[in-house]
Protein chains: 6
Amino acid sequence: MKISARNVLKGTVVSVEKGATTAHVKIEVAPGQVVTAAITNESVDALKLANGAQAYAVVKASDVMVAVD
Amino acid sequence: MKISARNVLKGTVVSVEKGATTAHVKIEVAPGQVVTAAITNESVDALKLANGAQAYAVVKASDVMVAVD
Amino acid sequence: MKISARNVLKGTVVSVEKGATTAHVKIEVAPGQVVTAAITNESVDALKLANGAQAYAVVKASDVMVAVD
Amino acid sequence: MKISARNVLKGTVVSVEKGATTAHVKIEVAPGQVVTAAITNESVDALKLANGAQAYAVVKASDVMVAVD
Amino acid sequence: MKISARNVLKGTVVSVEKGATTAHVKIEVAPGQVVTAAITNESVDALKLANGAQAYAVVKASDVMVAVD
Amino acid sequence: MKISARNVLKGTVVSVEKGATTAHVKIEVAPGQVVTAAITNESVDALKLANGAQAYAVVKASDVMVAVD
């Protein structure tokens, strides 16, 4: 499947924390650069996400903001 | 200002393309890894975004999806 | 690629309207039920979206609201 | 109330799962086509959502992505 | 229609700027406090939005971030 | 830090409710006008959010919808 989302960052899962319904998954996409995703527990199971797994952090361009110092 | 968004990736602006109302800004956050943001033209002006500027791509954790091959 | 987004609705592209930077793509996901997506022009080109193409409307669960009469 | 969100899919609630703060509500919008919404527990109560209720899945066009095989 | 979105701020439309596909609508929700919405041109027409109109800015709780100085 | 998000509403935290992973924070941005944010527990801690704290509700323009009666 090829998706319209412009941002697909490859990395390694470094943390999976399930909540009651919402899980937090952390993916290291570059050395020292970790992206946090809040997804459903259901998706964690469906994708068999676990520490060490190769995965992508995917973000639609309209969900990215820009900041400056 | 300190923000709740969990993902704040530092980088350099490599492209600014203004549309009629919506602009696309590309930020290189790691060598060869470029993040695209769709923001208002108004914000591009307010933040004086231009090629070469230091900037951050900011994404709320609930806007990050995860994918696997 | 398998994605965490819980909503992946299969359908047929029935309209593609490019703007200056943002395009509107309409996908019929059931008879008479059309979903509108606002994506980048860049994605329209990358996915070669055109009328009649088979495509999926993809939505993260946290972006779905519920309403009642 | 009439809303700007372009996607308002009518259906029937087929599942409501409350978490600690976030609930997952599933709405069947066409035979066999179920949409999952992650909303606050507070909203589930305010809208009195329960299995069998008529409801709409509402999505802003800018939150819809497109994918192809 | 009653919606799950927790934030529904009543106000007055003070600006409507249509782009090629995306419009920016500004709503004054309190004296001097203006909220900007980026919606489709299509929605501006469907809702007949114009300066002076009474309208609501609607935001899903999961799309609200928090910042501190 | 200066952010592209067009909506930054100053107010006072009036409620913080942590869930298993997701917290709900309510900010009064004008007398009687309360905005609800769903953010990570992690952010609540990082920003030391508590009742009475001065804070901003921050929303990207593309996440704001418009409704009319």
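The values are calculated or read from the model by the stated rules, or taken from the named source; none is laboratory data. Note that this is a predicted model, so its numbers are computed, not measured. Here the Cβ is made from the backbone with ideal geometry for all residues, glycine too, and neighbour counts use every protein chain on show. Remember, those area values only see protein heavy atoms, side chains included, never the ligands or the DNA or RNA. Shrake-Rupley method; radii C 1.70, N 1.55, O 1.52, S 1.80 Å.
Worth a mention:
- Among the numbered conditions (1) touching a strand residue (DSSP E or B) at 6+ places or on another chain (Cβ under 6 Å); (2) closer than 20 Å to D:Asp69 by Cβ, the only one that C:Gly52 does not meet is (1).
So that you can scan it fast, the table gives a plain yes or no per residue for (1) at pLDDT below 95; (2) touching a strand residue (DSSP E or B) at 6+ places or on another chain (Cβ under 9 Å); (3) buried (at least 20 other Cβ atoms within 10 Å of the Cβ); (4) among the polar types (S, T, N, Q):
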site	(1), (2), (3), (4)
B:Arg6	no, yes, yes, no
B:Ser15	no, yes, no, yes
B:Lys18	no, yes, no, no
B:His24	no, yes, yes, no
B:Ala30	yes, yes, no, no
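- Selection within the stretch C:28-57 - closer than 30 Å to A:Lys48 by Cα and in contact (Cβ under 8 Å) with a residue 24 or more places away in the chain: C:Val29, C:Val35, C:Gln54, C:Ala55, C:Tyr56, C:Ala57
- Pairs, first closer than 14 Å to F:Ala53 by Cα in the stretch F:5-19, second of a type in the set (Lys, Arg) and assigned to a strand (DSSP E or B), C-beta under 6 Å, six or more apart: F:Val14/F:Lys26; F:Ser15/F:Lys26
- C:Ala37 being modelled with pLDDT of 95 or more, under 9 Å from the mean Cα position of the chain (by Cα) and of a type in the set (Gly, Ala, Ser): yes
- Some residue of the stretch C:38-55 being touching a helix residue (DSSP H, G or I) at 6+ places or on another chain (Cβ under 6 Å) and either open to solvent by less than 50 Å² (accessible area, probe 1.4 Å) or of a type in the set (Phe, Trp, Tyr) (or both): yes
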